[in-house]
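Right, one structure below, let's go through it.
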Amino acid sequence: MALVTIFALKVTDLEAATQVVPQTDDLILQSIGNYLSDGKGKCGNGAGFLAATDHFRIDHNDITCDTGYYNVDLDMAVEIQITKHAGAASDKWMLHEVDKGFRTSLGIPGESYGPRVIDGHTIMDFGAGGREYRWISGNKVIRIEYTDLQMEKPEPIEVVKAYLAKHPSTLAPLTLKQLRSAENITTWIKDEMDRRMWLCDKWFMQLQLRKIEEKEVYQQAVKSLNIFLDYREKYYRTEAVDEKNLIAVYLDTNNGTGIKAKLKEYKDWWAVNKEKSINL
């Protein structure tokens, strides 16, 4: 059976038309041990899996490339995604956003998530129904994942090591104790609240520059305001329902003035309360 019939290449968040790239410096387009490659990759404009974090990339282009491997003996596909970030202002949130997918919606590290050291490199590891490995190498984000619902198959460790050799992790050493510490969690929560205010400002700046339609800006801003309010309610004991209902009305009526006024109100509140302790 031809390799193309037993291996399906998954491409995530390639926002522009993709093209087959026979050679690329970021992907390994040869087989790695028993993990077979069809020698193909796909690349295009897009933030890759970070798009799900609301990574802001309207003012620049990130390039995401995907490929994969198939182990016939294990009947297991391994998917690779590498995103090369452009060095824009949003890159300051890169580590936060890479880490975000392994936390709950309110910022607590998941039970199956922890740091891991492979060949001296610190990476992020999530194991449940398979395994996902993530790390940062300079301005690149690397994700490797596979499915194993029963968690019985051996890890594709040779694939992980091959990509670590090509793209060494630049993550700082981190222990599981440090990851789950109150200090780490508190910092992450406050960073997410900061990021949501920052995202609102970035969207409104695009509107000011007349690069984005009003409705999209308002939708994106309200999304971040709602998440900010969820965190404020959980960790600062401030009821959110009335505020969320009000900004929903502003969105429905295309009331950008009301949305911007609420953004300023929340930013002023955050400036006063950010340094206060929170109850986890």
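Taking R0 as 45 Å, what FRET efficiency do you get between LEU74 and GLN219 from their Cβ-Cβ distance, rounded to the nearest 0.05? Before the final figure, lay out each step's value.
Working: r = 43 Å, r/R0 = 0.96.
With a Förster radius of 45 Å, E is 0.55.
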Hey, what angle do you get for helix 182-208 against the long axis of the chain, alpha-carbon based, 0 to 90 degrees rounded to 10? 70
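By its C-alpha gyration tensor, with a ≥ b ≥ c as the square roots of the eigenvalues, how is the chain shaped: rounded for a/c under 1.5, else prolate for a/b larger than b/c, else oblate?
Details: a/c = 2.36, a/b = 1.62, b/c = 1.46.
In terms of gyration-tensor shape, prolate.
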Taking Cα atoms, how many degrees apart are the long axis of helix 157-166 and the longest axis of the chain, rounded to 10 and kept between 0 and 90? 70
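When SER169, SER277 are ordered from fewest to most other Cβ atoms inside 10 Å of their Cβ, what list results? Please report the intermediate quantities before stating the final value.
Numbers: SER169 22, SER277 8.
If I rank by nearby Cβ atoms, fewest first, I get SER277, SER169.
Once you have a ≥ b ≥ c as the square roots of the Cα gyration tensor eigenvalues for segment 228-280, tell me rounded if a/c is under 1.5, and otherwise prolate or oblate according to whether a/b is larger than b/c. Please list the in-between numbers first.
Numbers: a/c = 4.09, a/b = 1.78, b/c = 2.30.
Note, shape of segment 228-280 comes out oblate.
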Where labels lie 7 Å past Cα in the beta-carbon direction, separation of LEU149 and GLU265 in nm: 4.8
Using alpha-carbon coordinates, inclination of helix 241-252 to the longest axis of the chain, degrees: 80
Pairwise centroid distance, computed over Cα atoms, of segment 23-90 with segment 233-280, Å: 37
If you average 1/r over all unlike Cα pairs in segment 53-93 and invert the result, what Kirkwood radius do you get in angstrom? 12.4
Rounded if a/c is under 1.5, else prolate if a/b beats b/c, else oblate: with a ≥ b ≥ c from the C-alpha gyration tensor eigenvalues square-rooted, which is segment 143-280? prolate
Calculated from DSSP H runs of 4 or more alone, at -39500 (n - 2.57) each and per residue, what is the 222 nm mean residue ellipticity of the chain, nearest 500? -12000 deg cm²/dmol
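Can you compute the FRET efficiency between ASN255 and LYS211 using 1/(1 + (r/R0)^6), with r the Cβ-Cβ distance and R0 = 25 Å? Round to the nearest 0.05. List each step's numbers first, then the result.
Numbers: r = 21 Å, r/R0 = 0.84.
E(calc), rounded to 0.05, equals 0.75.
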Set of segment 79-121 residues, backbone N closer than 20 Å to the point 7 Å along the Cα-Cβ line of TYR236: 105-108
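A short reminder: the numbers here are calculations on the coordinates, not readings from a lab. Everything quoted here is computed from the prediction, not taken from an experiment. Please note: Cβ atoms are built from the backbone with ideal geometry, for glycine as well, and neighbour counts cover all protein chains shown.
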